[in-house]
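The values are calculated or read from the model by the stated rules, or taken from the named source; none is laboratory data. Since the model is a prediction, treat every value here as computed from it, not as a measurement. Please note: Cβ atoms are built from the backbone with ideal geometry, for glycine as well, and neighbour counts cover all protein chains shown.
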Amino acid sequence: MLVLPAALAAVGAALTIVASTMTWATVRAWGLVEYSVAGLDPTQHGRLTLGLGMMAGLAALGLATRPRGHAARLAAGVTGVAGLTTALVALIDIGYLRGGGLMTGSTTAAVTIIGPGLWLALLGGLLGLVAALLVRPGQPGASGQRRRAAPRGPGGRRGRGGRRGRGGAG
């Protein structure tokens, strides 16, 4: 059943795409100056998360078609890798900004506040990862492929049969 994973992947992709354009941090200096940093600013990783969100969205569309076998594994893999990468990028940026990131090395008394964009990017990535873990691909036989029967061995039996039937004591 791929309905829940596809829905989770789609929501995670949408959150990641929207979060990439939002405010990722706000810097307040001296109590007078306030500067906001968006995800798509050149110094941030918003372009990366935007691309990962688009890739996860395409994989979510693939999951929504209810693929089976290798196609489902591929869509789940793309969703999981994009979600994990998005979550890691968000965690790294959160850690960087919490450590003073934008004002590191400056003597300015400034406070960096993490914006909603990074938190939503983290949530979107985690939703994509959970969606990938929930995918249970069906059997390849359901999509029209037939399983080949094992060849008949000695004595008309299917399979390899071990040592029985070959003479000896067994």
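Which number in (1) at pLDDT 60 or above; (2) surrounded by 12 or more Cβ atoms within 10 Å (Cβ to Cβ); (3) not acidic (Asp, Glu) marks the one condition that Ser143 misses?
For Ser143, the failing item is (1).
Check Gln44 against each of (1) touching a Phe, Trp or Tyr at 6+ places or on another chain (Cβ under 6 Å); (2) in a helix (DSSP H, G or I) and name the one condition it does not meet.
Here Gln44 clears every test but (2).
What residue, of Leu63, Leu15, is buried (at least 16 other Cβ atoms within 10 Å of the Cβ), in contact (Cβ under 8 Å) with a residue 12 or more places away in the chain and touching a Pro at 6+ places or on another chain (Cβ under 6 Å)?
Being buried (at least 16 other Cβ atoms within 10 Å of the Cβ), in contact (Cβ under 8 Å) with a residue 12 or more places away in the chain and touching a Pro at 6+ places or on another chain (Cβ under 6 Å) holds for just one of Leu63, Leu15, which is Leu63.
Is it fair to say Ala90 is within 16 Å of Leu4 (Cα to Cα) and either exposed (fewer than 14 other Cβ atoms within 10 Å of the Cβ) or of a type in the set (A, V, I, L, M) (or both)?
Against the criterion (within 16 Å of Leu4 (Cα to Cα) and either exposed (fewer than 14 other Cβ atoms within 10 Å of the Cβ) or of a type in the set (A, V, I, L, M) (or both)), Ala90 does not qualify.
Which one is farthest from Ser20 (Cα to Cα), of the residues in segment 36-51 that are in contact (Cβ under 8 Å) with a residue 60 or more places away in the chain and out of contact with any His (no Cβ under 9 Å at 6 or more places or on another chain)?
Ser36
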